[in-house]
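Below: the structure, in structure tokens.
The values are calculated or read from the model by the stated rules, or taken from the named source; none is laboratory data. Since the model is a prediction, treat every value here as computed from it, not as a measurement. Reconstructed Cβ throughout: ideal geometry from the backbone, glycine too, with neighbour counts over all protein chains shown. What goes into the accessible areas is simple: the full protein's heavy atoms, side chains included, and nothing from ligands, DNA or RNA. Shrake-Rupley method; radii C 1.70, N 1.55, O 1.52, S 1.80 Å.
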Amino acid sequence: MDIRRLIILGIILLLAVLGLTAVLLLPEVERVSPDSIPGGLPNNTVIEIDFSRRMERESVVERLTISPEIEAKMVWEDNTLEVIPMERWPSGAVVEVTLASGSRSRIGLPARQTVRWSFQIAPVTLAYLWPADGISQLYLLNPDTGETIQLTDGNRVLDYDFGPDGRTVYLAVENSQGGSDLWVLDRFELGDGPSRLLSCQRALCAAPRISPSGKLLAYTRNDAQVWLLNLTDDDSPIQLSPEGATAYQPQWSSTDLLSYYNAGELALVIVDPISGQTSNWDNQSGERAAWAPAGTCLL
């Protein structure tokens, strides 16, 4: 074999190696999220795209389209792009995401595939307990489609309250000791099941009411006392209502003030959990009051 053939063969091998190396170094989308789940996703859902290589960021952003359009910020963490919504996705919307081909890695190699996927945001739903004469469970009803989703499947659920994020549910659930415990459930992660917040053993812990800040949980004990559980630390719950008085109907204002009814004093009580200051207002009816939306007055 003459030297010319050797040179040509060497060039061909070199080009083959370079081509194979380039193919192996081409950036690819390795993972996208979120995936759709039954009932839809939260209206603050974050979009994530994982790449196999570090990317030229602007080339990715300019090829990314999302419908419906909302205000969002792009945050990079190594090879991952997060699209964080600055406003809520419309309830019930189908969000469609497209990343067109051509975005480039840091060394200038282009991604060859176009990636498309979609997911649905949870619609406005109605929560309810059913059946009334049996082991009641918590359900969600889509009033537009009639579709229902069962959120719990266990002991009888006595009462519930949704957190300010719309995804966390606080439950009062009967236990095997004749009382009821307090549980917390992520409505979008039903596979994990609920987690127990407080074991009340033979006591009846009911009427869970979460504060607008999501930090404090008020509840009644034995239908006669109002207690407060701080969810941000490991402190034991404290009794807010006076010892020996019958108290019930805990309710939060939008400004994290708590009201309850003291049947012993025939008064509505307003408590500032931060300062501990309380105010009593005479009320002989015992009927449930209502906070004004701004949290400035109790009706």
### Over 21 Å [Cα-Cα, segment 69-162], rounded percent
57 percent
### Task
Work out the length of the dipole vector of segment 162-299 about its Cα centre, built from +1 on the beta-carbon of each Lys and Arg and -1 on the beta-carbon of each Asp and Glu, and round it to the nearest 20 debye.
220 debye
### Query
Rounded if a/c is under 1.5, else prolate if a/b beats b/c, else oblate: with a ≥ b ≥ c from the C-alpha gyration tensor eigenvalues square-rooted, which is segment 202-299?
oblate
### Query
In a GNM of the chain with a 10 Å cut-off on Cα contacts, which of Leu204, Leu190, Leu228 has the highest mean-square fluctuation?
Leu190
### Normalised per residue, the volume of the convex hull around the Cα set of segment 156-262 (Å³)
99 Å³
### Message
Helix-only estimate, please: 222 nm mean residue ellipticity of the chain, summing -39500 (n - 2.57) across DSSP H runs of length 4 or more and dividing by its residues, to the nearest 500.
### Response
-3000 deg cm²/dmol
### Task
Hey, can you grab everything whose amide H is under 5 Å from the amide H of Thr45? Only 5+ residues off in sequence or another chain; H modelled, so Pro and N-termini drop out.
Trp89
### Task
Kindly give the semi-axes, whole Å and largest first, of the ellipsoid equivalent to segment 16-128, taking each as the square root of 5 times a Cα gyration tensor eigenvalue.
32, 13, 11
### Query
Can you list the HN-Hα couplings for segment 206-221, worked out from phi with the Karplus curve (6.51, -1.76, 1.60; θ = phi - 60°), rounded to whole Hz and with x for Gly and Pro?
9, 6, x, 9, 8, 6, x, 6, x, 9, 10, 10, 8, 7, 9, 10
### Query
Protein chains only, probe 1.4 Å: how do Ile3, Ile37, Ile66 rank by accessible area, largest first?
Ile3, Ile37, Ile66
### Query
Amide H to amide H under 5 Å from Leu231: which residues, 5+ apart in sequence or cross-chain, H placed 1.01 Å off N in plane?
Leu216, Leu217
### Query
Among the GluC sites (Glu not before Pro) within segment 203-299, which fall in a DSSP loop and have no more than 14 other Cβ atoms within 10 Å of their own Cβ?
Glu243, Glu287
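In debye to the nearest 20, how big a dipole does the chain give about its Cα centre with +1 on each Lys and Arg Cβ and -1 on each Asp and Glu Cβ?
For the chain, the charge dipole is close to 1200 debye.
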